[in-house]
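Peer 1: After the structure tokens below, expect a handful of questions from me.
The values are calculated or read from the model by the stated rules, or taken from the named source; none is laboratory data. Fair warning: this is a prediction, and the values are worked out from it, not measured in the lab. For neighbour counting, all protein chains shown are included, and Cβ atoms are generated from backbone atoms with ideal geometry for every residue, glycine included.
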Amino acid sequence: APGQMAGDTQLLFAGDAATDYPTVLMFIDTAAPAGSRLLAKMTGNGHQGGTIYAADSAEYKTVLHWIQQGAPQ
């Protein structure tokens, strides 16, 4: 949240899919899905909170697949 621990990041979620979708798009690369910043942050690279999901986790693979499909809304 702004003014709190992660307040200096651009990846802030409002809790509303329609509002959050454009924000997430800034962190993905459909031309090179595996290189997306969102995936890097999920694995702790560039995320001070540490690893959220390991690269071999089902959650990571789901997000990667979504990006590979063009990140449909």
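Peer 1: Six or more apart or on different chains, Cβ under 7 Å: which pairs go from a residue in segment 21-32 that's touching a residue at least 12 places away in the same chain (Cβ under 8 Å) to one that's of a type in the set (Gly, Ala, Ser) and assigned to a loop (DSSP other than H, G, I, E, B)? Could you list them?
Peer 2: Note: pairs meeting the criteria are Leu25/Ala71; Phe27/Ser36; Ile28/Ser36; Ile28/Ala71; Asp29/Ser36; Thr30/Gly70; Thr30/Ala71.
Peer 1: Here's something else I'd like to know. If you take just the helices (runs of 4 or more DSSP H) that sit entirely in the chain, which of them hold at least 3 residues that are modelled with pLDDT of 95 or more and surrounded by 13 or more Cβ atoms within 10 Å (Cβ to Cβ)?
Peer 2: By residue number, 58-68.
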